[in-house]
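Student: First, the structure itself, so that you have it in front of you.
The values are calculated or read from the model by the stated rules, or taken from the named source; none is laboratory data. Quantities reported herein were computed from a predicted structural model and do not represent experimental measurements. With ideal geometry, Cβ positions are generated from the backbone for all residues, glycine too; neighbour counts draw on all protein chains shown.
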DNA sequence: AGCACGCCGACT
DNA sequence: GTCGGCGTGCTC
């Protein structure tokens, strides 16, 4: 009998620590257990074992071991703990995304396997030779093993398959780690990038690739996770949760397009891949690569600090930014038609648009009032030219619409979506097939024949031989959005779409002027990222500072903000009303105050969870979101 | 969260 | 005198 120190699976912030239980000797660190806790049974993970406990009272006994597999590795526990502390959250909440649920069948098969660790692959050429070897010797401004890579656009333009050069280059770096017998973790925003990266990896490391994908079935996911537990020279690829993959000797951690919002975890404590990767790099000393076609302002900040060494690969394809004349908004400019016409005979042409459907917005033809859903007040739109208006939020179809303010029955279409753009292009190019790719119509690949591919941002299919031209439409509409990161997001979305083009392709960008247009023609992404970051500094917005949003009842929010305000280098914005009797404040703080702020926030969260249960003080519960990616959205 | 403990108001 | 309201604290 020994003592098992267990983290119990409870959302209560005050239980986010280890509790001791008596356990049999087969209960080893990392296994899942069920323990008696507060009068009932709770699942948990054994974090460590010891001969004795320093708890004063009588220890309960572990009820049973749920699985003998040590799924929580020490390095992942350390990571979860640090990530939770940084975000004023619970470590178990991190483990929920880090560790897939047990599946009996794959586990039985795994337990009966003959443990075979694959041989390391042969070393080969990579874009940053020696990067992985430098692990462990990372210091500010001296030979960093941490780099920000501006990836080379374009790809392998074979007629049957397209793999971006970025993927080939990351795969080469992964092979460097595997050749040393270490693991590589490569984190991508989406399964689109995952497909390319897996293809590139298989070309250089064969079957030493493990995909940890939330889209997999539960057994497949657990099977892949168990393969990662086995260790050895393997490359682990997956979306944001893969950053927590078990890898005892991690040689490389690479994040592709760290600025993509898909890297933001929507579950508490909301850590984004880049931040987790930075913590993991610090803990493991692995080489860290933050790569993308665009540079995030967060990466720019780390470059300016000298923590990341910037590396610029390749050169963007020729890009023509075109401003729009008055009254042209939403139209396809003549130059875009011209470019498409010249390129289409030779192969596919990509047209990127802002919104899906036919008409993304509708308004009353008589009074101009935006058409809204009678049920939920959501905006109405039209999916196809001949479709009835439907609500974008609840999906209700409004065949017989009447304006709520003037009673008018006629609608005008505002803007145009992918389907309408496709219709118009189809008329302009009568003999060319048109393919629509958006949230409703997923399309991952197109072949090398002439066609127009109309896609919303992030839904662009890969073209086997590379696109012959890319039209980036709706710039003015994208940039009209009210958000801290519009420009950064737009440049990233345009840069990634453009990278799907063949090297000799022409790129047309409509509705972008000034700094943003320049960003799309410059070779080096630094100038734009630096200018964006300078703006944020001037305004004291992230990532120049960090922010924590505090939502809840007015009294509670005020109390939390006051507690954090006692720390230096902080200030608060708000509170603003967010409905249902709740308010929101934004606490801004310098990076240097981060540890103290997170600590104070955590203390307030625990206090709110334990002391505020008197019937009078029971308002909306306080919720804290540290490093909200879009802190001012919806204000 | 649930559950135990503990201290003031109406009651058989 | 005590039964029970809920505020407070704890969960190995």
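Student: Return only the number of the condition from (1) under 30 Å from residue A:216 (Cβ atoms); (2) within 10 Å of DNA strand C (Cβ to nearest atom) that residue A:36 does not satisfy.
Tutor: All conditions are met except number (1).
Student: If a residue must be farther than 19 Å from residue A:545 by Cα and touching a strand residue (DSSP E or B) at 6+ places or on another chain (Cβ under 8 Å), how many such residues does region A:576-593 contain?
Tutor: Final tally of qualifying residues: 5.
Student: Only residues that are farther than 23 Å from residue A:85 by Cβ and in contact with a helix residue (DSSP H, G or I) (Cβ under 6 Å, 6 or more places away or on another chain): list them for region A:563-601, please.
Tutor: Scanning region A:563-601 gives A:575, A:583.
Student: Going through A:615, A:607 one at a time, which residue ends up being modelled with pLDDT of 85 or more and within 16 Å of DNA strand C (Cβ to nearest atom)?
Tutor: A:607
Student: Something else about it: Name the strands (runs of 3 or more DSSP E) wholly inside region A:1-50 in which the number of residues that are over 16 Å from residue A:69 (Cβ atoms), within 30 Å of the chain's Cα centre (by Cα) and within 16 Å of DNA strand B (Cβ to nearest atom) is 2 or more.
Tutor: A:2-8
Student: How many residues, within region A:226-266, are closer than 25 Å to residue A:67 by Cα and assigned to a helix (DSSP H, G or I)?
Tutor: Number of matching residues: 9.
Student: What residue, of A:432, A:436, A:454, is in a loop (DSSP other than H, G, I, E, B), assigned by TED's automatic domain parsing to the domain that holds residue A:340 and closer than 30 Å to residue A:345 by Cβ?
Tutor: Within the list A:432, A:436, A:454, the selection yields A:432.
Student: Which residues, counting only those in region A:5-24, are over 19 Å from residue A:609 (Cα atoms) and more than 9 Å from DNA strand C (Cβ to nearest atom)?
Tutor: Scanning region A:5-24 gives A:23, A:24.
Student: Can we say residue A:251 is at positive phi, assigned by TED's automatic domain parsing to the domain that holds residue A:206 and at pLDDT below 95?
Tutor: Here the answer is no, as residue A:251 does not meet what is asked.
Student: Next question, about the same structure. Using the structure shown, decide if residue A:113 is out of contact with any strand residue (DSSP E or B) (no Cβ under 9 Å at 6 or more places or on another chain), surrounded by 19 or more Cβ atoms within 10 Å (Cβ to Cβ) and either touching a residue at least 24 places away in the same chain (Cβ under 8 Å) or on the phi < 0 side of the Ramachandran plot (or both).
Tutor: No, not satisfied.
Student: Which one of these is outside any strand (DSSP E or B), away from DNA strand B (no atom under 16 Å from the Cβ) and closer than 30 Å to residue A:549 by Cβ: A:71, A:83, A:92?
Tutor: Of A:71, A:83, A:92, the one residue that is outside any strand (DSSP E or B), away from DNA strand B (no atom under 16 Å from the Cβ) and closer than 30 Å to residue A:549 by Cβ is A:83.
Student: I would also like to ask the following. Return yes when residue A:570 is crowded, with 20+ Cβ neighbours inside 10 Å, free of Cβ contacts under 8 Å to residues at least 40 places away in the same chain and farther than 20 Å from residue A:305 by Cβ and no when it is not.
Tutor: Yes, satisfied.
Student: Let me confirm something: among A:557, A:545, A:551, A:470, which residue is touching a strand residue (DSSP E or B) at 6+ places or on another chain (Cβ under 9 Å), buried (at least 23 other Cβ atoms within 10 Å of the Cβ) and under 29 Å from residue A:579 (Cα atoms)?
Tutor: Answer to the check: A:557.
Student: When region A:433-451 is examined, which residues are found to be in contact with a helix residue (DSSP H, G or I) (Cβ under 6 Å, 6 or more places away or on another chain) and surrounded by fewer than 23 Cβ atoms within 10 Å (Cβ to Cβ)?
Tutor: Within region A:433-451, A:434, A:438, A:450 meet the criteria.
Student: Consider residue A:101 carefully, then state whether it is within 16 Å of DNA strand B (Cβ to nearest atom), under 25 Å from the mean Cα position of the chain (by Cα) and not assigned by TED's automatic domain parsing to the domain that holds residue A:4.
Tutor: no
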